[in-house]
């Protein structure tokens, strides 16, 4: 009977440890996501008071762009009449 209580205690302690580890990993993921967003916004971003429009961003930075209005920038591919491909940065209005 005493062994059953000991095993139950070990199981409870193990479960608590696993839950704590999962919470720590979730917090680390959130921290990394916030850091990624900060890097994307801060590196090469506009100065204070500047207006940042997706249409003004080069194609090399478009995929990581967010306008000052909070709109996501997307890289659009256009095929011209002569068959050449034109890339341009446009606004995506998905909420």
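Nothing in this text is a laboratory measurement; each read-out follows from the coordinates by a stated rule. What you see is a predicted model, and the numbers here were worked out from it, not measured in a lab. So basically every Cβ, Gly included, is an ideal-geometry build from the backbone, and we count neighbours across all protein chains shown.
So the values come out like this:
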quantity: Stretch gain in nm, segment residue 21-residue 8, where the contour uses 0.36 nm per residue and the Cα spacing is subtracted; calculated: 2.7 nm
quantity: FRET E, pair residue 33, residue 72, Förster distance 22 Å, beta-carbon r, rounded to 0.05; calculated: 0.90
